[in-house]
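First up is the structure itself, then whatever we jot down about it.
Quick note: the coordinates plus some simple rules give every number you see, no bench work behind them. Note that the structure is predicted; figures quoted are calculated from it, not measured. Note that we place each Cβ from the backbone using ideal geometry, even for glycine, and neighbour counts take in every protein chain shown.
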Amino acid sequence: MGSEGRSIARKPRFLCLHGFRTSGEIMKIQLHKWPKSVIDRLDLVFLDAPFPCQGKSDVEGIFDPPYYEWFQFNKVLCFSSLSSLYSFDSYVY
């Protein structure tokens with residue numbers, strides 16, 4: 001006889017995304033302050049954002065680097081796009 005009829009209980013899986021200029025490792029440290037009875041019932045997956053931090057992190061001195069960002073702001077590109085979008089020359093009267 002095989003394993004028909006038997007179900008394997010799996011833990012619920014959660015994707016844990018860290019905050020701005022931190023890391024998956026930092027979030028893991030923070031979440032492991034939860035009760036062990038809760039942690040043991042979950043499958044927690046921690047990822048790092050795709051971009052290395054380009055500025056100062058608010059957690060410097062509390063947690064060791066590396067730090068990551070989910071997006072990177074390009075001020076020149078952003079404002080040049082906005083100025084062309086709102087250019088008065090493009091309006092037809």
Self-check item: Checklist (1) without any contact (Cβ under 8 Å) to a residue 40 or more places away in the chain; (2) touching a strand residue (DSSP E or B) at 6+ places or on another chain (Cβ under 9 Å) applied to Asp64, failing item
Solution: (2)
Quiz prompt | Members of region 3-19 that are assigned to a loop (DSSP other than H, G, I, E, B), surrounded by fewer than 15 Cβ atoms within 10 Å (Cβ to Cβ) and touching a residue at least 24 places away in the same chain (Cβ under 8 Å) | solution = Arg10, Lys11, Pro12
